[in-house]
1. Quick check on residue 561: is it touching a strand residue (DSSP E or B) at 6+ places or on another chain (Cβ under 9 Å), modelled with pLDDT of 95 or more and either crowded, with 19+ Cβ neighbours inside 10 Å or not assigned by TED's automatic domain parsing to the domain that holds residue 529 (or both)?
2. Select, from 387, 396, 369, the only residue that is within 16 Å of the chain's Cα centre (by Cα), under 22 Å from residue 289 (Cα atoms) and buried (at least 22 other Cβ atoms within 10 Å of the Cβ).
3. Can you pull out every residue in the range 142-166 that is within 18 Å of residue 55 (Cβ to Cβ), more than 27 Å from the chain's Cα centre (by Cα) and surrounded by 17 or more Cβ atoms within 10 Å (Cβ to Cβ)?
4. Could you please let me know if residue 314 is under 23 Å from residue 86 (Cβ atoms) and without any contact (Cβ under 8 Å) to a residue 24 or more places away in the chain?
5. Checking residue 414 against (1) buried (at least 18 other Cβ atoms within 10 Å of the Cβ); (2) at pLDDT 95 or above, which test does it fail?
6. Among the numbered conditions (1) free of Cβ contacts under 8 Å to residues at least 60 places away in the same chain; (2) over 19 Å from the mean Cα position of the chain (by Cα), tell me where residue 342 comes up short.
7. Test of understanding: among 443, 450, which residue is surrounded by 13 or more Cβ atoms within 10 Å (Cβ to Cβ) and not in a helix (DSSP H, G or I)?
């Protein structure tokens, strides 16, 4: 009897323990509920990163120790995440996991053709119950502290509390730059004789999520940038690191000096490519286009911290390379023709940094520049469909560091203006028994042209189907009726023309015609939900979208209602619509100009109101009457 009672009592208290555990987990989850979205199945309750440094007689190294606790919000939800590292520059050690499985792989393609120095630790939580917890910890050891250039307060999952601790020893002269704190991050400093310890803490960190028309994460999420200026090594020697941009350039330069090129095969191929070129400009254009079309761009991390280029001859033989490998090949090809060509390092528009902060975090791309007389031309061979002097949004206006012997040149890629990126439609309109008939012509320049050609990728076999997917209206029944020109990278614009028949834009009632003069209705999908939008409205590039329609007024009819013109001219954008009556024709002109790439969050209400005015103007119809 006593044994039975003891057993029942044990079950009772065990049940209380289970319920208490579930209650505690649910209570812990409850404190985050107001910050979570419906799709947040798993959260990180706490993440702690500790960054420390060590030295020897030849340099300094760094260790990033990470501990993270994951929690299920819903039954059966598991979370996959990856840790990336380059075996040449860093390695993972001291991995400790609880309810997390992991395995290692390298970033090769399916056939194992392309070498890639990038390695991946693939992880997955193994949880079932809501409130279940998993833990994962590891050390990432960098053989050169320069490679540990930044830390970001963000993950793909919500973080309840994110702490970054930076332990700066007395022998290391470094600066920690803070970005986008905006009162969200607290900072404490603990100095002593051996080191200064900086602790940064942020709570309720929103997850990194892909959202349309949102600025790159580093422009909005809080981050730390590490600037390593100098260090006293273990043998008491002083070592200059990146105290200035010139120091950074010298580091790049010594990597370039390690590449010993055999240019015989490069020059032989080069002479064939430029055999019919009349001058240096034609040679540059020919070589640029050849590399764009014949060298496959593979964005892989290879070489020292991803900064040491492959041999140009190897890129030529393999017919593939990353950005720095392609830039180095083009640089050497141009030099074979005696044309001044330089390596150029830069950060694309995904990075908010410039060379006022010397750090490897400033750069994530490499291109080539050529100088002909006083003309400096930047060549990004990774952009397959960009013409010479046509700069994609990723590099337009960006600060660059250009090779120049022992001393670099700090300058900028020319910026784009809105009209450089043009999508313009011209429509002739005649009223027939079938509706509206006429000629449809679309011209695209700059970034719009590049996007258009990337979409087709040189395959124009079913032009109608492709154009339909791209949103073109009133397409004819046969491919042969479509005229397409300007489909190479060397062309400044791509032009699409075809005869069209459309029924919907015109309605006949009694002796009246009601006609919609704009069949494109661009930008209406860009109305934003101010309550849900947490960041600025962002466009990838400045641009102009225009539509011009010319209607021939049928004999015996006259215009009895002409919609009012519209003009909204703001600092960041401009909407304009005009109607002009000349003889038996009426001309409709509509243009939307994005003067800047960003509409600040506080201006979204005004933006939405202006879009409503544009929408109302689209709905207005021209009326013709006998």
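1. No: the conditions fail for residue 561.
2. 396
3. If the condition is that a residue be within 18 Å of residue 55 (Cβ to Cβ), more than 27 Å from the chain's Cα centre (by Cα) and surrounded by 17 or more Cβ atoms within 10 Å (Cβ to Cβ), then 144, 166 are the ones that fit.
4. yes
5. For residue 414, the failing item is (1).
6. So the condition that residue 342 fails would be (1).
7. Answer to the check: 443.
Residues are listed down the side, and each one gets a yes or a no for (1) touching a strand residue (DSSP E or B) at 6+ places or on another chain (Cβ under 6 Å); (2) at pLDDT below 95:
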residue	(1), (2)
227	yes, no
231	yes, no
241	yes, no
283	no, no
297	no, yes
304	no, yes
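The values are calculated or read from the model by the stated rules, or taken from the named source; none is laboratory data. Quantities reported herein were computed from a predicted structural model and do not represent experimental measurements. Neighbour counts run over all protein chains shown; Cβ positions are idealised from the backbone, glycine included.
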